[in-house]
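First the structure, in the form of structure tokens, and then the observations on it.
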Amino acid sequence: MSKSGLFGCFLAASLLPVAAWADTTVDLTTVTATRIPDPVTKVAAGVSIITRKDFQKRGYTTLAQALSAVPGLGVVQSGGSGAQTSVFIRGTNSEDVLVLVDGVPVNDPSEANGAFNFGDYTLSDVARIEVVRGAMSGLYGSNAIGGVINIITLRGAGRPKASVTLAGGFPSQGQASATVSGSSGKFDYALTGALDEESGFDYTPKRMSVYAGVKDPFRSQLASVNLGYTPVPGTRFYVVGRAQQTTAGFPDLGYPIYDDPNNYDKNTNYFGKLGVASNLFNGWLSTELFAARLDNTLHNTNLLDAADPNQVQADEVYHGTRTDVQWNNTVHLPYVGRTSDSAVQFGAEYINDTAHERVNDAYYGSPFVAHMGASQHTWAGHAGAQTTLLRRLTLTGVLRDDAVSSFGNALTWRVGGVLAVPEADMRLKASYGTGFLAPSLYDLYGQNSSGGYTYQGNPKLKAEYSSSFEIGPQFDIPAFGQGDFASISATYFQSDIRDLITYVSLPPNYTSSTERNIGQARIKGVETEVVLNPTPWLSADFTYTYTNAIDARTRAALLRRPQNAGSATLTFTPAPGFSITPQVQYVGRFSDYLYDNNGYPIAAGTGSSRPGTIVNLNASYRLDDKFTLFATGKNILGSNFEPVNGLQMPGASVLLGVRATIQ
């Protein structure tokens, strides 16, 4: 795109209305962006907060759905619910996104690239999601090159209550969840159970001759608990537990693609956290100490099918664990001179990861065998400070040092500022930060062999490193008696990543391969947002993101990073308790591995995949203070868009249900 064309897109998007739950609502507070509870208006980063009310208003039931309209995020789902799903933040790789659950990093150590699979996560026990875009390794360490996504679970408070959701729809699908929460004396509690089932769709594209109409089902079972005990005001001991098991079917991306009826993933995930949080010395010191454990097992099975031209059979087990211990502190400082809202934060963290892999597959009658058993630990310390000068300029700075057993130390940092110009109803944000990605355990120690070809991990790998910059204004404009009538923002971002871990074949005969630090990436783009609230019964949210992500050595576009993407969401409330929310999502062309209509990879390998437009519609009606009816339509126009070339998104579906809250 030319500079004039980019400016035209930027200007046009800036004049449209953008995502209302993002960093445009002045009363929202984030704990993820700085580890200090801050209004998003004072955070020098792109922050989006998606609340439980947003889930219900937009009909979100999975994590992938909730993130699909966040500016700067690309959600790439390889089929339907339960399928491998990646998120790209501002054009960075999927492994450059650090995912937290209640502040605990939960990227799977057994994943080959150390990424998080967003396809397995449902929302029945989630209170809110905080998305922070930009390099955040200065606070959180490895994987936070592109940003951080913090999933915050439900916590009990107030009078005891029970919340129940029951729903069913077309094609055959059903959802049921129940949460009991509240507090009694010094105790608080939230307990959730949920079941989601779908008969699914055939995710093989209908354009292909190999399409056979085989449905790929999905099933999720969830149980979670959050218990707290407050012996004295300001100090809470707590335990959080979460267990989820998902099963999903999907086609086989072979040579050719095969509409496989026997290819299934079963993912079992356990998460636990035990800790204490306290506010001491009249709130001057906030401190938290916790230990957490993640245990994830993925089992892929594929029975041999006589009709399969690839003759695939598979039995694969990937088991990853993570133990995480953290001690985090914030000291709130008194007003000094012309400073305010000053604070210092510091803490320490220990992480121990293990990964075990056992693969016993066959392709075309030839065996493919892989195995791994490895571990890695990290010691880290971080510190930071923030202050506001003259009630106009908020400054933040953080520094972190990670000592990783596999390669040594990584020192990362981030600085930023937010300048308030109330005379122009404007705030100007700017930040600069560095990030790093530690090699995954598979990159270091993985081994496999097939038909005379072998792969051996490289234990001498270094970390990937990045530097990132962003700047942009935000205008919060009151008008016509509405204090939040319009919010307009635009952010320019740029990232350079070096020492990318890259797969290479080795001479002299190129039958063996490994990983090396030889890649480079250069990314730049613009996020724009506008929110309009012209009346109490109408809001309009629009997002547009332009991304130019390339391999700095070859100048080729990075895969699955569309240059243009956006969304439009309207919420109508024509009568008290009745709301209608249509949403349109657009994904522009992107580079990908392409498959022809016979299911074979094209000769050139990669090319430009077609764009897609998806339309969703959600409506709800509150009968009284206890019961609400809702209807959710996904992809109601039946788009055949392929987020991953060769795999089609789910077809049109409708879900009808009722939510009940009893106190």
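The values are calculated or read from the model by the stated rules, or taken from the named source; none is laboratory data. Since this is a predicted model, take the numbers as computed values, not measurements. No Cβ is skipped: glycine too gets one built from the backbone with ideal geometry, and neighbour counts run over all protein chains shown. Quick note on the areas: whole protein, heavy atoms, side chains included, nothing else; ligands and nucleic acids left out. Shrake-Rupley method; radii C 1.70, N 1.55, O 1.52, S 1.80 Å.
When the listed pairs K186/K626; K186/K266; K42/K524; K206/K634 are checked against a 29 Å cut-off, the alpha-carbon distance exceeds it for K186/K266.
Measuring between their Cα centroids, segment 452-493 and segment 612-663 lie 28 Å from each other. Using θ = phi - 60° in the Karplus curve 6.51 cos²θ - 1.76 cosθ + 1.60, the 3J(HN,Hα) couplings for segment 43-56 round to 9, 8, 7, x, 10, 10, 10, 10, 9, 4, 4, 5, 3, 6 Hz; x is entered for Gly and Pro. Please say if segment 524-652 is rounded, prolate or oblate, where rounded means a/c under 1.5 for a ≥ b ≥ c the square roots of the C-alpha gyration tensor eigenvalues, and otherwise the choice is prolate for a/b larger than b/c and oblate otherwise? Cα axes put segment 524-652 in the oblate bin. Classify the chain from the C-alpha gyration tensor, please: rounded if a/c falls under 1.5, else prolate or oblate depending on whether a/b exceeds b/c. Here the chain falls in the rounded category. 3J(HN,Hα) couplings calculated from phi for segment 315-326 with the Karplus curve 6.51 cos²θ - 1.76 cosθ + 1.60 (θ = phi - 60°) are, in sequence order, 8, 10, 10, 10, 10, x, 10, 9, 10, 10, 10, 9 Hz; Gly and Pro show x. Across segment 118-123, coupling constants 3J(HN,Hα) worked out from phi with the 6.51/-1.76/1.60 Karplus curve, θ = phi - 60°, read 6, x, 8, 9, 9, 10 Hz, and Gly and Pro carry x.
Basic side chains Lys and Arg get +1 at the Cβ, acidic Asp and Glu get -1 at the Cβ, and with that the dipole of segment 423-503 about its Cα centre reaches some 440 debye. Largest to smallest in accessible area, the residues V101, V180 fall in the order V180, V101 (1.4 Å probe, all protein chains included). In the chain, the calculated helix contribution to ellipticity at 222 nm averages -1000 deg cm²/dmol per residue, counting -39,500 (n - 2.57) for every DSSP H run with n ≥ 4.
Shape analysis of segment 101-148 places it in the oblate category; the axes a ≥ b ≥ c from the Cα gyration tensor give an a/c of at least 1.5, with a/b not above b/c. With the charge dipole of the chain set up from +1 on Lys and Arg Cβ and -1 on Asp and Glu Cβ about the Cα centre, the Cα lying farthest toward the positive end among the listed residues H356, T661, G373 is that of T661. Excluding ligands, DNA and RNA, the accessible surface per residue across the chain is 41 Å² with a 1.4 Å probe. Scanning the chain for trypsin sites (Lys or Arg not before Pro) in DSSP loops with at most 11 neighbouring Cβ atoms within 10 Å leaves 339-554 as the longest stretch between them. Between V421 and N509, the contour length at 0.36 nm per residue exceeds the alpha carbon distance by 25.3 nm. Annotation note: chymotrypsin sites (Phe, Trp or Tyr not before Pro) in segment 243-310 located in DSSP loop regions with a Cβ neighbour count of at most 11 within 10 Å are F281. Over the chain, what percent of the accessible surface lies on carbon and sulfur atoms, probe 1.4 Å? Ligands and nucleic acids excluded, carbon and sulfur reach 61 percent. For segment 424-529, applying the loop criterion from DSSP together with a ceiling of 16 other beta carbons within 10 Å to the chymotrypsin sites (Phe, Trp or Tyr not before Pro) yields F480, Y510.
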